[in-house]
Structure formats: structure tokens, C-alpha cells
Amino acid sequence: RGVCSSARRLQGCMSAWVIDQYGSNEVLKFSEETPAPTVSSPSEVMVKVHATSLNPLDVAMRGGYGAKLLNLRRDPLSVVNGDSEFPLILGRDVSGVVVDCGSEVTHFVPGDEVWAAVPPWKQGSLAEFVTLTEFEVSHKPRSISHAEAASIPYVASTALSALVNAGGLCKERADEKRVLIIGGSGGIGTFSVQLLKAWGAHVTVTCSQNAEGLVRGLGADQVVNYSAGDVAEQLESMERFDVILDGVGRETEQWALGLLKPWSGAKYVTLVTPLLQDTDSRGWLSGMFQAGFSLHNTAFQSAIVNGVFYRWAFYAPDGPALDEVRELVDAGKILPVVEAQFPFTQVPQAFQKLEEGHARGKTVVRVA
Ligand code: NDP
């Protein structure tokens, strides 16, 4: 099978799930004639995908979410030329094997087992092959399978971006910190609990009742069941927090800011932001202004009323950060949390699973 897919790659095609228009699950099409990527710059590596996993972003992007800003990032001239992003390949995680390297790649050689989070503006990993720059790629942990490894990169890159860049945490000083994770049972939550416990932080998590065992098993110190009455009231009776990571958003902002330690540099970091919705509905320029205005307003209010920082966080590609995660995985401090696995033939079923919500960890697709 490996020889067969390599031969087809050399002929310029591969198998992939593509979309030719935005919509619901019906737009997902399997094609054996998808153009295979090539190594087109000296710093690129091509990876044969063994496994990938789905994220809420895949479902959203299938429906057109973020298209305006992502198209601008893909090709600034597309706005002028009207070039299309289709056929578009979704899928943000990859665990696989390097098959080709650009002339300036120094950290990888063909045959290396790697993992990565594919940026949303690049062709994704629901395909036999994917191309990334070497700075986005990291050697895969040896102690886990490709299917398990594929459950980690995108949530890990996002959690690190949120907790370190926006939340100001670092592994050396996290043991002095009390952190609240709003939405602890999905992909971001199950990874973040483990990362923060590996760093020695005190971790409180909100989740529904039937996820309590899962998050406690991953190390959460305190668990608040949001389906048992007023979650804000339950949290208000606890000691204040240094950092809040919010993966739920919307009305949570109303009460979460008041749970932080005032006037001590505490930070509320949300992953649920209106940026891409604003650029989709208003166009990228006006949308960015609108989003910037609302961020600035809330940040200003939070600073003067609550004495806390209010921040938005986003996924950021970061191969070296994944190197650090690999060490924690190989040391047994971070476990992959795979809730469901699907073969490559059942990608629509995997999307359907994700759309049903109530994730308990990650949904993985085995590609090779
Ligand atoms: P998942 O779908 O894997 O997990 C979401 C979890 O939240 C589920 O376990 C769900 O379980 C739980 N949940 C739902 N409602 C509540 C609630 N009111 N309180 C507590 N828990 C709740 O998503 P991810 O973990 O991958 O992502 C989390 C969020 O972060 C998503 O909105 C995603 O779009 C966003 N995100 C943003 C990124 C960025 O760059 N800004 C990057 C990555 C993710 P249940 O319903 O059973 O309680």
C-alpha cells in the first residue's frame, strides 16, 4: 500500500477528502485524483499522513467559517483575482512519516516519524500527504501510536499559545498558580489539564457530571459540574484564580472575569472570539476593525472595573513547542485522550460524531 501511494504521489495524485463548496456533511467528497502536494520551498517537508484528528474548526470551516480571512492569508492576491480556495482539504492534525524534504531542511530526513498541527490556511491532513515548513513539524513521541499522536498537536499548539503567550504562564513558575479551565472535557480541556498538572499548577475544571471521572483521572484538583445548578455561584465560593482558560465562551464572560484575583496581573483568556465571524460577515478590513474595537472595549472595562487582563487566544503553529510536549508524552505525563477512531473511508461519520457535541477528548481518523 505504501509503495502504491508513493507511486501515485510521483504521478502527481493522491487520495483525499475534499470540499468543492461550503455546506453540511454532503459536501465532503472522497477523491483518488486529488493533486498531491509538492515540496515547493527549500524549508518544506512532505509528510505521509498515518493519522489525523478532527477539531470543531473542521466542522466550522466545512461550512465556510473564516473563509474571508483564511483566503487572504492563503493568497493576498486572491481577493483581487477572485481565485478559489477549492478543492479544499480539511484536517488540522497529522502524525506520519517524512517522505521528502526541501534543500534547506536541517532537522528532518525522509523516514522520520513526525507530528504537526497544519495551519488552517494550508491544505489539510484528511489526505495521504501534507506539506508543511520544518518549523511547524516536530518528531513524534515514540511511546504512542500514530493514531494516539494525531489527537494532540492542534489542541496542544492552541493550549500553549493560550496559556503561555496570552495567559503568561510558564512551566518554571506555574506551581504558584491557580488555573480555571472552563470546558475541561473536550480536546483543549483534556490536554490543558494534563499540561498544567505536569507544570505543577492547581487546576479547577468545569464540565458536565458524566465527565467528572475523566478530568479527575487526568489530574484536575477541583471539578465543578456545570449541569448541577449555577456554575458561577459554585465557583464564587472558591479561592480566586490567577488564569482562566475559557473554551466555552459567550455568557461565561459575564461571570468569569469576577473570579480572577483583582489587581494582581490575573488573566482571562478566551478561545471563543468573534474575529472570523466578524470578517466573514463584514469583509476582512471592516471585520478586523470591529473585532479589534470589541476586544479593546472589553479589555479596557476589565482592567478598570475588575483589575484583570482580558485576552483572546488563537492557535499558533509551533514545532519547537511540540518538541516540549513530546517529552511530556514520552515521560508519561501527558496521555492521549482518544474517544473515537474512524477509518479513512468513514470521514463523514467522524464529522457527524464531532457535530453531535459532548466530546470526551478527541476523534481520530486513521489514514494509512
Ligand atoms: P471540543 O468540542 O473537543 O470540546 C468542547 C467541550 O466543552 C465538550 O467536552 C463539551 O462537553 C464541553 N462543554 C460544552 N458546554 C460547556 C459548558 N457550558 N461548560 C463546560 N463545558 C462545556 O472542543 P475543543 O476543546 O477542541 O475546543 C474548545 C473551544 O475552543 C471550541 O469552541 C473551539 O472552537 C475553540 N478553539 C479555538 C481556537 C482558536 O484558535 N481560537 C483553537 C482551538 C479551539 P459537554 O457538552 O458534554 O459538556
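The values are calculated or read from the model by the stated rules, or taken from the named source; none is laboratory data. Because the structure is a prediction, the values reported are computed rather than measured. Note that we place each Cβ from the backbone using ideal geometry, even for glycine, and neighbour counts take in every protein chain shown.
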For this session: Could you pull out the residue among Gly247, Gly213 that is more than 15 Å from Arg178 (Cβ to Cβ), without any contact (Cβ under 8 Å) to a residue 12 or more places away in the chain and not acidic (Asp, Glu)?
Result: Gly213
Problem set entry | Which listed residue, of Gly102, Gly66, is under 20 Å from Ala36 (Cα atoms) and either surrounded by fewer than 18 Cβ atoms within 10 Å (Cβ to Cβ) or of a type in the set (Gly, Ala, Ser) (or both) | Gly102
Exercise. Only one residue in Val155, Val205 is in contact (Cβ under 8 Å) with a residue 24 or more places away in the chain, touching a strand residue (DSSP E or B) at 6+ places or on another chain (Cβ under 6 Å) and crowded, with 24+ Cβ neighbours inside 10 Å, so which one is that?
Worked result: Val205
For this session: Report yes if some residue within the range 267-277 is surrounded by fewer than 16 Cβ atoms within 10 Å (Cβ to Cβ), over 17 Å from Phe314 (Cβ atoms) and not small (Gly, Ala, Ser); otherwise report no.
Result: no
Exercise. Could you count how many residues in the range 202-225 are more than 15 Å from the ligand (Cβ to nearest atom) and in contact with a Phe, Trp or Tyr (Cβ under 7 Å, 6 or more places away or on another chain)?
Worked result: 0
Problem set entry | Contacts under 9 angstrom Cβ, first residue in the range 308-329 being within 16 Å of the ligand (Cβ to nearest atom), partner among the aromatic types (Phe, Trp, Tyr) and in a helix (DSSP H, G or I), 6 or more apart | Tyr310/Phe300; Tyr315/Tyr154; Pro317/Phe135; Asp318/Phe135; Val325/Phe191
Problem set entry | Condition check for Val47: modelled with pLDDT of 95 or more, out of contact with any Lys or Arg (no Cβ under 8 Å at 6 or more places or on another chain), over 12 Å from Phe129 (Cα atoms) and among the β-branched types (Val, Ile, Thr) | no
Exercise. Mind checking which residues of the range 263-278 are near the ligand (Cβ under 10 Å from one of its atoms), assigned to a loop (DSSP other than H, G, I, E, B) and in contact (Cβ under 8 Å) with a residue 40 or more places away in the chain?
Worked result: Leu271, Thr273
Exercise. Can you spot a residue in the range 89-97 that is free of Cβ contacts under 8 Å to residues at least 60 places away in the same chain, in contact with an Asp or Glu (Cβ under 9 Å, 6 or more places away or on another chain) and not β-branched (Val, Ile, Thr)?
Worked result: yes
Exercise. For the range 241-249, does any single residue satisfy the condition of being over 26 Å from Pro317 (Cβ atoms) and within 16 Å of the ligand (Cβ to nearest atom)?
Worked result: yes
For this session: Would you kindly identify the strands (runs of 3 or more DSSP E) lying entirely within the range 107-201 that contain at least 3 residues that are away from the ligand (no atom under 13 Å from the Cβ)?
Result: 113-117, 129-133, 137-139
